[in-house]
Amino acid sequence: MKNYIKPILLCMAFFPFGGCDNFVDVAIPDSQLTGNVVFEDTNTASAALADVYAKLRDSGMLTGSSTGSASSLGLYADELYYYGASNENSLFVFNNTLLANTAAVSQLWNESYQIIYCANAVIAGCQNAVALSAADKKQFIGEALFVRALMHFYLTNLYGAVPYVTAPDYEVNSTVERMPAAKVYDSVIDDLDQAAAVLPENYLSADRVRPNHYTAIALLARVYLYKGDWAASSNAASAVLNSPIYVWENNIDKTFLKECKATIWQFMPKTAGNNTDEGALFIFKSVPPSFAGLRPELFQSFANNDLRKTHWIGAVTDGKNTWYHAYKYKQKSTTGTSVEYSIIFRLAEQYLIRAEARARQGDLIGAKEDLNVIRNTAGLPNTTAITADEIAAAVIQERRFELFTEYGHRFFDLKRNGLLDTVLPAVKPGWNSTDGVWPIPEKELLANPKLTQNPGY
């Protein structure tokens, strides 16, 4: 597809995260419309956007399958231990023996840029649409800008300097250059500011599967935290936490149910009655596990009275040895009616973001209050940290317990705090300082001479 007016396969009715077909470059059968017509109608434009969300759920950084960041970065950091076959790409991730031609490296890169490409097609199509209402244009463009920012955020944190692609033109994109991470962040913030300005505060549906104004603000809070802009991060997190739309859930057994009011944004399963890909992947009932399990060191690092240890971690034994798995999602298979959706953003992260940002600014009382919300819900007493540095360190530790196996939080936390080379060599004997970024895929380097490889690869 060389620009947004090329043919687009689409679903003729919009079902959030339903099985809309891909954007492809083919002849037009009777059931298809050309791209410029797609974005003149609300239903078909919605179907094109639904395809973007389907890609987010089923492939790339946020999929709950073994190729997504929850699994890959859990293996790459110190959350998951690999038990699978020796010829699997996941083993190369686990052993941090990635090469520029490793399939896992190109998979996350290619899927992410495909999603960005499709988001750009939605933006361009809606901008040029004549019959589409102004309100619909704002909604669709705002959502696509959010998706574009989200994918670039993950790409730069995994690969370092990356191209920031804003055009749906293949010829232009084939010669893009890498942009320093600081500038990528600036572009991410610009996209999120635009998205937040046009997205409504209320969700389009009760299941929270389409991002709203606060979803964009929640990502802004994270981006500002990573940048070290503590005031902006704290303010963004406060905007989300102070919204009456969200209600803190004190029962951790309800945190990952689809109707939880502490959820900011989630993915609906592909098929009615299905649950999350994360549950299907992480939960095992026989041992030894066929894929991966939680590292025993992670399990042991939880306090014995931490409810997350007993409620969010499952244990399976053969009578002699015990293996552990993430048990945030309780359903491994279908349940007739879906009870769990994959939660991408939730309120707990915003409390932890604000706690860290407040500590870095010297608001120690506020920081401890936010941190204690998380600790008390987990059945733990208030933090004993006193100084700003102690509180910030306590927040990082709490993030490990609260956000484990959720889309790479642990790896990114170690990276942004300069702890990769301190923590990971203890569990990864072959760890090198250059492993903090993944290699640029070999095929991309061959196709685009303006791209350069990361050191160490």
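The values are calculated or read from the model by the stated rules, or taken from the named source; none is laboratory data. The structure presented is a predicted model; accordingly, all values stated were derived computationally and were not measured. Positions of Cβ are backbone-derived with ideal geometry, glycine not excepted, and every protein chain shown enters the neighbour counts.
Of all residues being crowded, with 18+ Cβ neighbours inside 10 Å and of a type in the set (D, E, K, R) in region 230-267, which is farthest from the chain's Cα centre (by Cα)? Just the residue, please. Among them, the one singled out is 249. The single condition among (1) of a type in the set (Val, Ile, Thr); (2) in contact with a Lys or Arg (Cβ under 7 Å, 6 or more places away or on another chain); (3) without any contact (Cβ under 8 Å) to a residue 40 or more places away in the chain that residue 387 does not meet is (2). Region 376-457 holds helices (runs of 4 or more DSSP H) entirely within its bounds, and those carrying 2 or more residues that are out of contact with any strand residue (DSSP E or B) (no Cβ under 8 Å at 6 or more places or on another chain) and surrounded by 19 or more Cβ atoms within 10 Å (Cβ to Cβ) map to 388-402, 409-416.
Looking across region 266-299, the residues that are in a helix (DSSP H, G or I) and among the small types (Gly, Ala, Ser) come down to 279, 280. Do we find a residue being over 30 Å from residue 271 (Cβ atoms), aromatic (Phe, Trp, Tyr) and under 25 Å from the mean Cα position of the chain (by Cα) anywhere in region 320-340? No, that holds for no residue.
The set of residues from region 427-457 being without any contact (Cβ under 8 Å) to a residue 40 or more places away in the chain and among the hydrophobic types (A, V, I, L, M, F, W, C) comprises just one member, 446.
Among the residues of region 91-101, at least one is loosely packed, with under 15 Cβ neighbours inside 10 Å, touching a Pro at 6+ places or on another chain (Cβ under 9 Å) and modelled with pLDDT of 95 or more. Scanning region 170-186 for residues that are surrounded by 17 or more Cβ atoms within 10 Å (Cβ to Cβ) and either small (Gly, Ala, Ser) or touching a residue at least 40 places away in the same chain (Cβ under 8 Å) (or both) returns 173, 176, 178, 181, 185. A Cβ distance below 6 Å, combined with a sequence gap of six or more or placement on separate chains, defines the contacts here; from region 308-323, residues that are charged (D, E, K, R) reach residues that are surrounded by 10 or more Cβ atoms within 10 Å (Cβ to Cβ) in the pairs 308/378; 308/401; 309/302; 318/287.
Of all residues in region 42-71, which are part of a loop (DSSP other than H, G, I, E, B) and hydroxyl-bearing (Ser, Thr, Tyr)? Within region 42-71, 59, 63, 65, 66, 67 meet the criteria. Across region 307-337, the qualifying residues are those that are out of contact with any Gly (no Cβ under 6 Å at 6 or more places or on another chain) and small (Gly, Ala, Ser), and the one among them that is surrounded by the fewest Cβ atoms within 10 Å (Cβ to Cβ) is 319.
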